[in-house]
Amino acid sequence: MNNKNPLFEHQLLQTRRQFFGNVGLRMGGIAMASMMGPGLAAQAMGSEDPERVHPPLPGLPHFPAKAKSVIYLHMNGGPSQLDTWDYKPNLVKQFEKELPKDFLGDRITTMTSGQAKFPVAPSKYEFKQHGECGRWVSSLLPHTAKIVDDIAVIKTVHTNAINHDPACTFVMTGSEVSGKPSMGSWVSYGLGAETNNLPAFVSLVPNFPAGSNAQALYSRMWGPGFLPGKHSGVVLRAGAEPVLYLDNPPGVDRSDRRAMLDALGKLNAKGFSKFGDPDIQTRIAQYEMAYRMQTSVPELTDLSQETQATKELYGANVDKPGSFTQSALLARRLVERGVRMVQIMHRGWDSHGNLPVELGNQCMDTDQACAGLITDLKQRGMLKDTLVIWGGEFGRTVYSQGKLTRERYGRDHHPRNFCMWMAGGGIKGGVELGETDEYSYNPITDPVHINEINATVLHCLGIDHERFTLRYQGLDQRLTGVEPMKVIKQILA
Amino acid sequence: MLLMTQWNRMQMENQTLTQNCRFQISKSFQKTVRWLVVSGFVGLIFLVLVGDANAFDDSHDAKAETPISYNRDIRPILSENCFACHGTDAGNREADLRLDLSETAVGKEEDGAAIVAGQPDESLIWQRILETDPDVVMPPPESKKKLTDDQKQMLRRWIKQGAEYQKHWAFERPIKSTEAGIDALVAKSLKRDGLSFSPEADRSTLIRRVSMALTGLPPTIEEVDQFLNDQSSGAYEAMVDRYLASPRYGEEMARYWLDVARYGDTHGMHLDNERQTWAYRDWVVSAFNRNLSYDQFTIDQLAGDLRENPTQDQMIATGFNRCNVTTGEGGSIQKEFIFRYAVDRASTTAQAWLGLTAGCAVCHDHKYDPISQKEFYSLYAFFNSNADPAMDGNALLTRPVVKVKPDDYDAKIKEFVEREAALQKSIDEKSATVAYSDPAELEPRPEIQVTTHVWFEDAFPAGAAVNAPGAALVDEPVNSGSKALKVVGAGLAQTFYDKGAQPLTVPDGGRFFMNVFLDPNDPPEEIMVQFLTNSWDQRAIWGADLINWGAQNTSQRFPAGGIPEPGKWVKLEFDASDVGLTAASKVNGFAFTVHGGTAYFDNMGVVGRLDPVTNPTLSLTAWRKAQAGKDTPGAPADIKQWLKEGLDKERKPEEVKCLRDYYVANVCSTTREPFNAMKAELAAIKKQRVDYDNAVPSTFVFKDLPKPRDSFVMIRGEYDAPGEPVMPGTPAVLPALKQTGERANRLDLARWIVAPENPLTSRVAVNRFWQQVFGVGLVNTSHDFGTQGTLPTHPELLDWMAVTFQENGWDVKKLMRLMVTSQTFRQQGNAPPPRWAADPENQQLARGPRFRLDAEQLRDQTLFVSGLMVHDMGGKGVNPYQPPNIWEPIGFGGSNTRFYKRGNGDDLYRRTLYTFFKRTAPHPMLENFDAPPREQSCIRRDRTNTPLQALQLLNDVQHFEAARAFAGRMMASADTPDSRIEFAYRAALSRRPSEEESAIVLDFFHRQQAKYKAAPEEAKKTIQYGESKPPAGVDEVELAAWTLVANLILNLDETIVRN
């Protein structure tokens, strides 16, 4: 600090104090001391208000939150509601019969709109009642069946989009047209996160069963849209380098980095005294955060401290990097460390042709880990403030696409009703909402728009979705779109 | 007020605006700073006003007489809180009350008017604002809107002062202030704020600032020296002009526009396959480099195809409207996507040129701006007749496209054609000299020639590799010669050869013969002969059809007759054509086959029968007969036609001569031989021409269908709910469209956009360029000039520049020059912290611009100072370093951009502008540093500051390899550590380091030097990261240590920032 002007010097200190005292970022003590001198560093570090790397927006949450964090289990491709949660025993008698024309409607994908017939394909799976709530669950989900008393199943979710790209974009951003922020980005923007060592919003993109019909994912599903780029979901990757560019280059070790960051900090501090630009301070802090992430991320992905009992909850693949099973366990570890939102994007649910084989594989790949996650969270007392959501971007048709036998059938996209479940913070367990008609073709009670799901997610986080807006392109943009959307009161605890 | 000129009003607004600003800042100082710093967000600022709760007494207000401006003070309040229900949107208007127009809002007390001018207490809106009853108070609680006390006070004062309305500033034509120049106008506003210009930055800062602003690259040390040593008075301007003249200028300028144009190298939806439209990107670069005026730049992109005789460049420019994302997803409903594309194109056009958020009016009348839903669909109607399909087919090229012919294309093609013509001429000349008489015209008629070729007699042909399990040559029975072949099979038995012998050439009119003797005691059920060409699919069978090879009743399995009588020699015959063989076919082997019995084969061959009169290769007449009614591949078009028309049609003598000459050179077997060499040469040239032509890329262009689609207002913005029909047209709030034809077209629209009377286009453009140069626009919401956008910080300056830009013929380079040579731009970027706190975005312009470099600039700068950069311009996007598994884990299985195939060599070091842009998974360098995914038009990027950015700049192989290369340059530049550090500072920052800085860097160097000396194997690893190789013979320990130093310098805040 060589500035000769005492007033400037004073102001500099003021600003720095304000910076570190109110909004600053906690830094590695060594770097801080080396850069600022011990007195100042202690002053900054000793602030009574431990500072946050990911602070919330002022005024948020709007009201006390039930959930602190969110785990969104996205089943990409459109899981069949008819073969999982929406039990239609009478359809067995309708096998191969034509779906009545007045049900069909005219918004059908061009994959089946040319079919001469729309024959009813009853589910081949056996449904049984489970839990104290007596929920009907298909034999494809034996593990999830055991946690039905903890989850709320919504059978009448509907969306506007009938194709994957717009539908995925819709379910994750509240709009079919690309360009809007993802749910996780909104949540990060509004609430920040509790962690100082990890990103606020993390996405996991696990692998999926071979032979499944996997659709594409899009970075807009965790992208920030028009929100600042730092609210983008950070993709946690399977394997050696879980976060992009996390590892030092060959021949460079941690002590080299420390030495470099010390030099960098000193030089940048000089830059700050020259320019006065507060962004320089932020940059110093972000480099320190990067340094911390180089240990916090490997610690996060190191599962050696997990007990065998915990691992067994999730299933056999838990030690396989990139598996859905391991991703589910990582999701718990992430929220445990204060990450606000975790998204697991599991692909392969697009069963047009041979549904029983494909859907069977998909459920095998995910069922135990989903149930394991809920159980694990519950055992640790975390379920009460972690919100878990399970679901795809749409459902599937009751009529068969392609060849139909009792054992083999396919189903096309069906946006009019599909099933999702929610559990944990703010959600009442053992609940079921919404009834569909005899063909599972339209909701007959309690239709729930996907943006009402989104409104409910925000509600559980203590956010009034109508007041959580950002003016962009002349509009008060929000996660739940422009149409009025209600929070789903019926499933709230 | 009514008599006030706009000029006066503007001055007054300016004055009170700054006062107001200061007031707000003092109240909300900490909060604003905190919020901005925390979020790192340079976007919208919400200032929270905290006022005195009981201050609605007019006399109490010391500033009661300060004139309130509707545009500045009142419209934002009404817009935010009232217009959603009492504004432009007729469909959602409550109580039939419109507060956005004076005519509908202001009236007399006795009429129960919402506003009674001069009398707040009599005005209904005031009464409703003060209400406490939740059912009556405005805004209603369910709207979640709430007026602050200061806002209430403001409204009250406005009503008291007469409730004057003003048209929204951006819809009025800009008026050029009498005070000229950027600096005069900035100085004026600074003075009003009690501020003054900061001193000019030092020269090395300035040259780096200018070079970065105009070319996106730092200056070279030589350029810095040239500038520092230039003592002439015009040194600065000369330096600016050098950068304006650099081809790097167009590349830098293009990248901002490509954000606006939402340019990408993939379709953007579902499969997200590659799309070939990079010629549009290159057109943008070239348009800036040749300084195409902004009005022509506009017209070419929006309507180049509708210009009279559009040039290739003008067609390529229309690619702007093909840059939107498209789908090829099976199952999509076509009408829905045709609708969406037109919505996107209309919204993007309005946004890019007019700064209007017209997209709001897709579903309903715009709630804030005077754009009705019908007006939106009138704009949409310009784009709704697109010739491109709803489904992109996931194809590289989705029509309409044009070939992107290089400059020398026509000359090259001409050269090929001329060479072909010359050769053809020689052929023609030569053929005219060849004597030929048509056998069909000869008297007496030439005889039929018969040839016999015996293929099997006593033995297989010489050299044949025979495969004859269970077969034998026997003496008895024999048909001719001394031996016959005995073939025995309980089931299927076969004797054959497939190589070794000279092939048999099938003669004209070929008819095969073969003698067989079936054992009467063991007669086969079926016998077969089979010929080998490329395949064995030439078979003739006799007897039961038991051998299940080839398609039944075709030449693959020709039924030549019943099983011959056993116990005697029988001669079997069939035509070559029966088994699919034609004259001149080469046969490379044959097989004798029996099924279930014993047979003897002897004397097999083929008889040729050549009739010169009927043979097309000998008789011109026969040839013409044979080709009548058929297509003759390879012949010139006229000859083809004449042949097709047959002999009956009368031909002129010269036409007959042409036919004859062609025949002689190409068809006639007795004359064509000497032409072969010339014809081969001709074919080779043709192939070269076709290959050249096919290698010329194509690019997407925009065109209309021949017959326009009808357009309608789409109710609630739904693609399948057409309402009232609409014609192409523009919003009524803006000057009238001049249409040239019965139906307005895009050319009319484009001309209307750049018409001098259009108040928006020029302002929006200069503001965007200003934002590029200064980091933030004079209108902060550079994408929104509507009533919801922010007001200009310097309205006079914005207007002065807007008018000047037009007066200068929309000359972009001139505008850029004007900005970067201004004193405003040349100020130093440092300021004491309170100034940063008071004006974090530098909207007051009391210091020079200082902000983080964009993604592309960061990577390019690193490559540039390292010496690795490859400056090749244009062409298909390249794939530089990218970590594995960016594309793969998310891509669709069938997508051709699922797997990232990294390029090699030069591809790794091109400017980032040329990095292949996959829209559903952009390169992490771009994503990490706030580049938009180019799915939608983006007018302004954020500038965030994250740890992931730090990790990338520190560890990415692209950056670390460049650090090594930079270290190599440092070592080559000087011998002492101090000089090397100085070189590094000068290369990266255009300045010398201070002693202290040098000492810090040197300390770090010594630490690394010691480390690598102790662990040379680590040094080796350090310097070998990346594809390029370290210089031979270099001291590895030294190079590794300097690499870390380079890595440090490339990560300095000052390096990452434009200072």
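For chain B, the convex hull spanned by the alpha carbon atoms encloses 287 Å³ per residue.
Just so you know, the Cα atoms of the stretch B:327-396 work out to an Rg and Dmax of 13.4, 41 Å. Taking every Cα-Cα distance in the stretch B:604-666 and sorting them into 5 Å bins starting at zero, the pair-distance distribution P(r) comes out as 4, 18, 27, 25, 12, 6, 5, 3, 1, 0 percent. A Stokes-Einstein calculation at 20 °C with viscosity 1.002 mPa s, built on the Kirkwood radius of the stretch A:372-493 over Cα pairs, returns a diffusion coefficient of 129 µm²/s.
Taken along its principal axes, the alpha carbon cloud of the stretch B:481-618 reaches lengths of 50, 33, 30 Å, longest axis first. Amide H contacts for B:ASN386 (H built 1.01 Å from N in the peptide plane; partners 5 or more residues away or on another chain; cut-off under 5 Å): B:LEU705.
Ellipsoid semi-axes for the stretch B:573-646, based on the Cα gyration tensor and the rule √(5λ), read 38, 14, 10 Å when sorted largest first.
Would you please give the residues with an amide H less than 5 Å from that of A:HIS130, counting only those at least 5 places away or on a separate chain, with H modeled from the backbone geometry? Hits under the 5 Å cutoff: A:ARG135, A:TRP136, A:VAL137. Principal axis extents of the Cα atoms in the stretch B:161-217, from largest to smallest and rounded to whole angstrom, are 55, 29, 21. Shielding of peptide B:450-459 by partners, expressed as the average count of other chain Cβ atoms within 10 Å per residue Cβ, is 0.
Put a dot 7 Å past the Cα of B:ARG609, heading toward its Cβ, do the same for A:LEU57, and the two dots end up 9.4 nm apart.
Positive contributions from Lys and Arg (+1) and negative ones from Asp and Glu (-1), summed over other residues with Cβ under 14 Å from the Cβ of B:ALA421, come out at -1. With all distinct Cα pairs included, what does the Kirkwood hydrodynamic radius of the protein assembly as shown come out to in Å, to one decimal, could you say? Computed over the protein assembly as shown, the radius equals 38.0 Å. Ligands, DNA and RNA left out, the 1.4 Å accessible surface of the stretch B:409-557 is 50% carbon and sulfur atoms. If R0 equals 60 Å, the separation of the Cβ atoms of B:ILE448 and A:LYS117 corresponds to a calculated FRET efficiency of about 0.40. Atom-type composition of the exposed protein surface of the stretch B:218-357 places 50 percent of the accessible area on carbon and sulfur (1.4 angstrom probe). What is the percent of Cα-Cα separations in the stretch A:333-372 that go past 17 Å? Value for the stretch A:333-372: 46 percent of Cα pairs lie more than 17 Å apart. The alpha-carbon of B:LYS146 sits under 23 angstrom from the alpha-carbons of these lysines, leaving out residues fewer than 8 places away in its chain: A:LYS486, B:LYS27, B:LYS31, B:LYS160, B:LYS367. Placing dummy labels 7 Å off each Cα toward the beta-carbon, the span from B:VAL488 to B:VAL417 is 7.3 nm. Modelled label positions at A:LYS428 and B:GLU110, each set 7 Å beyond Cα in the direction of Cβ, lie 6.0 nm from each other. Over all projection directions, the Cα-based convex hull of the stretch A:293-366 averages an area of 5.9 nm². The Rg/Rh ratio for the stretch B:913-1010 is 1.09, where Rg is the radius of gyration of the alpha carbons and Rh is the Kirkwood radius.
Expressed in nm to one decimal, what extension gain is obtained for the pair B:ALA462 and B:LYS191 from 0.36 nm per residue of sequence separation less their Cα-Cα distance?
Stretched out fully, the B:ALA462 to B:LYS191 stretch lengthens by 86.7 nm.
Other residues lying with their Cβ under 14 Å from the Cβ of A:ASP256 contribute a combined charge of +2, Lys and Arg counting +1, Asp and Glu -1. With the convex hull drawn over the C-alpha atoms of the stretch A:278-336, the volume per residue is 94 Å³. The protection proxy used here, the mean number of other Cβ atoms lying within 10 Å of each residue, ranks peptides B:132-140, A:121-129, A:155-163 as follows, highest first: A:155-163, A:121-129, B:132-140. With a cut-off of 11 Å between beta carbons, the residues surrounding A:PRO100 carry a summed charge of -2, where Lys and Arg count +1 and Asp and Glu -1. Which value in Å is the Kirkwood Rh of the stretch B:612-765 over different Cα pairs? One over the average 1/r among Cα pairs gives 22.4 Å for the stretch B:612-765. Measuring nothing but alpha carbons in the stretch B:313-444 and taking Rh as the Kirkwood radius, the Rg to Rh ratio lands at 1.40. Kirkwood Rh over Cα pairs of chain A into Stokes-Einstein at 4 °C, 1.567 mPa s: D in µm²/s? The calculation lands on 54 µm²/s. Across the stretch B:123-246, Cα-Cα pairs more than 18 Å apart make up 74 percent of the total. Based on every Cα atom in the stretch A:329-439, Rg and the maximum pairwise Cα distance Dmax equal 16.6, 49 Å. A viscosity of 0.890 mPa s and a temperature of 25 °C, combined with the Kirkwood radius over Cα pairs in Stokes-Einstein, give a translational diffusion coefficient for the stretch A:198-322 of 138 µm²/s. What separates the Cα centres of the stretch A:378-430 and the stretch B:857-935 is a distance of 37 Å.
Convex hull of alpha carbon positions in the stretch B:202-272: directionally averaged projected area 6.1 nm².
Residue-wise HN-Hα couplings along the stretch A:415-428, as the Karplus relation 6.51 cos²θ - 1.76 cosθ + 1.60 with θ = phi - 60° gives them from phi, are x, 6, 7, 8, 10, 9, 10, 10, 8, x, x, x, 10, 7 Hz; Gly and Pro carry x. What is the interface area between chains B and A, defined as buried accessible area summed over both chains with a 1.4 Å probe, reported in Å² to the nearest 100? Rounded to the nearest hundred, the buried surface is 8300 Å². Kirkwood radius, the stretch A:172-262, all distinct C-alpha pairs, inverse of mean reciprocal distance: 15.5 Å. For the stretch B:742-862, the fraction of C-alpha pairs farther apart than 18 angstrom is 60 percent. Surface exposure of the stretch B:741-870, expressed per residue as accessible area with a 1.4 Å probe, stands at 21 Å². Applied to the stretch B:857-863, the Karplus parametrisation 6.51 cos²θ - 1.76 cosθ + 1.60 on θ = phi - 60° returns per-residue 3J(HN,Hα) values of 5, 5, 5, 5, 4, 4, 5 Hz, with x for Gly and Pro.
Between the stretch B:975-1013 and the stretch B:117-174, the C-alpha centres lie 63 angstrom from each other. Across peptide A:229-240, the average count of Cβ atoms from other chains found within 10 Å of a residue's Cβ is 5. When the alpha carbon coordinates of the stretch B:757-815 are projected onto the principal axes, the ranges are 30, 26, 18 Å, largest first. Computed from phi, the 3J(HN,Hα) profile of the stretch A:478-484 under the Karplus parametrisation 6.51, -1.76, 1.60 (θ = phi - 60°) reads 8, 4, 9, x, 8, 6, x Hz, with x in place of Gly and Pro.
The values are calculated or read from the model by the stated rules, or taken from the named source; none is laboratory data. Keep in mind it's a predicted model, so treat the numbers as computed, not measured. Positions of Cβ are backbone-derived with ideal geometry, glycine not excepted, and every protein chain shown enters the neighbour counts. The protein model used for the area step is the full one, side chains on, heavy atoms only, and it has no ligands, DNA or RNA in it. Shrake-Rupley method; radii C 1.70, N 1.55, O 1.52, S 1.80 Å.
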